[in-house]
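Okay, so here's the structure we're looking at.
The values are calculated or read from the model by the stated rules, or taken from the named source; none is laboratory data. For clarity, every value in this text was computed on a predicted model and none was experimentally measured. Positions of Cβ are backbone-derived with ideal geometry, glycine not excepted, and every protein chain shown enters the neighbour counts.
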């Protein structure tokens, strides 16, 4: 598991990535419009996409327009509290 990154984002609180399994973990901020918080795992995400996500000017926009758009399977790992 890579270290947890905290991008400048209104929707994403932090990111982590398992390079061996190609799994991206996205920790959404509580109150984020689209998901209202929680932790999601996105599968089959290549390291190159993770690198682009972490360096994107808008990580939330990159997540929506590239990773989600490519149809990577995902799973809710932890629901938001409340």
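Structure notes:
- The set of residues in the stretch 14-27 being in contact (Cβ under 8 Å) with a residue 24 or more places away in the chain and more than 13 Å from residue 53 (Cα to Cα) consists of 19, 22.
- Near pairs, Cβ below 6 angstrom, 6+ apart or cross-chain, from the stretch 44-73 (farther than 18 Å from residue 28 by Cα) to any residue that is at pLDDT 90 or above: 44/22; 44/72; 47/19
- Scanning the stretch 22-70 for residues that are in contact with a helix residue (DSSP H, G or I) (Cβ under 8 Å, 6 or more places away or on another chain), surrounded by 18 or more Cβ atoms within 10 Å (Cβ to Cβ) and assigned to a helix (DSSP H, G or I) gives 49, 53, 59, 62, 63, 67.
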